[in-house]
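Scroll down for the structure; my scribbles are underneath it.
All of the numbers you see were taken from the coordinates with simple rules; none came from a lab. Keep in mind that this is a model prediction, so the values were computed, not measured. Quick reminder, even Gly has a Cβ in these numbers, built from the backbone with ideal geometry, and neighbours come from all protein chains shown.
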Amino acid sequence: MTMNDKPVRIQSADFSIEEEINILKNSSLKTGAVVTFLGVARDFSEGKEIKSIAFEQYGKMALKAMERLREDALKRFDVIDIRMVHRVTAISPGGQIILIAVSSEHRDEAFKACRWCIDTLKKTVPLWKKEITPEGESWVTPHP
Amino acid sequence: MVRVLFFGILAAKTGCRETALDMEKPALKVEDFLDKVRKRFPGLPHAPYMVAVNEEKAEPGAMVRDGDEVAIMPPFSGGLI
């Protein structure tokens, strides 16, 4: 079993969207839809130029919270499977931060589950974002 | 002793990422434990933040016991957008 077999991961390394989608497609012939959310680092935030962003996590609690989120979503929505990968290294503009991929028989539930997962992740998973600008570093205060 | 962890902007405000506090009692309510932490770190703002005891979110009235790990965390900002 390689690390990529785990459906929920927090890692420094970049991830392959295609690989994650293929795992979902190949795991069940009932799959009729795969919906993905990809979070990408921007080069501008609230008027500031961003050189890179970095993440801090509360180790095991962050992973446990993401695993719980997946379990909750699998119960709440009529979907087949869910995969989530969040990176916690310094990420330059254009870099991939987070992927949520949801497979289902029909598209509607996958869209709903994917949206719910990213919205809930932001409130429940102990991860913090820091923006590195030419003027220095600052921690990001989340918007409601 | 209780291991205390600060994250994100709270680590910046307290100038500390990790410390150990003597309980003096076998157990304290989270709120009382936080008063103790604030006395040691006056730079710690009152809110908003979340507390976890042994990696589980602490609800009001939860207890902190000798040997526990307490994390004091600012609002989360993972996922981006």
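On average, how many beta carbons from a partner chain sit within 10 Å of the beta carbon of a residue in A:37-50? Intermediate values should be presented prior to the final figure.
Working: counts 2, 1, 4, 2, 1, 2, 0, 0, 1, 0, 0, 0, 0, 0.
For this peptide, the per-residue mean of nearby foreign Cβ atoms is 1.
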Between B:Gly78 and residues 5 or more places away or on another chain, the pairs with built amide H atoms under 5 Å apart involve A:Leu127
Whole-Hz ³J(HN,Hα) for each residue in region A:90-97, computed from phi via Karplus 6.51 cos²θ - 1.76 cosθ + 1.60 with θ = phi - 60°, x for glycine and proline: what do you get? 6, 10, 7, x, x, x, 7, 10
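If you average 1/r across every pair of different Cα atoms in region A:3-134 and take the reciprocal, what Kirkwood value do you get, in Å?
On the way: mean 1/r = 0.0656 Å⁻¹.
Over region A:3-134, the inverse of the mean reciprocal pair distance is 15.2 Å.
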Within the set A:Lys48/A:Lys129; A:Lys129/B:Lys39; A:Lys64/A:Lys129, which residue pairs have Cα atoms separated by over 22 Å? A:Lys129/B:Lys39
What residues have an amide H closer than 5 Å to that of B:Met50, excluding those fewer than 5 places away on the same chain, when H is modeled at 1.01 Å from N in the peptide plane? B:Met73
If one builds a Gaussian network model of chain A from Cα atoms under 10 Å apart, the most fluctuating residue listed among A:Gly39, A:Gly59, A:Gly47 is A:Gly47
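Across chain A, where is the longest run that never hits GluC sites (Glu not before Pro) in a DSSP loop with at most 15 other C-beta atoms within 10 Å?
Values: sites that count: A:Glu46, A:Glu105, A:Glu135.
After excluding every exposed loop site, the longest remaining stretch is A:47-104.
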Would you mind checking which residues have amide H under 5 Å from B:Met23's amide H? H placed 1.01 Å from N; only 5 or more apart, or other chain. B:Val2
State, to one decimal in nm, how far the label point of B:Arg65 lies from the label point of A:Ser27, with both points 7 Å from Cα in the Cβ direction. 3.7
Which ³J(HN,Hα) values in Hz, rounded to whole numbers, follow from the phi angles of region A:100-111 under the Karplus curve 6.51 cos²θ - 1.76 cosθ + 1.60, where θ = phi - 60° and Gly and Pro get x? 10, 10, 10, 10, 7, 6, 10, 5, 4, 5, 5, 4
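Percent of Cα-Cα pairs more than 24 Å apart in the protein assembly as shown, please.
Values: 12428 of 25200 pairs.
Here the tail beyond 24 Å accounts for 49 percent of pairs.
Which whole number gives the average, over all residues in A:112-123, of C-beta atoms from other chains lying within 10 Å of the residue C-beta? Present the calculation step by step, with values, prior to reporting the outcome.
Working: counts 0, 0, 0, 0, 0, 1, 4, 2, 1, 3, 7, 4.
Mean partner-chain Cβ count within 10 Å for A:112-123: 2.
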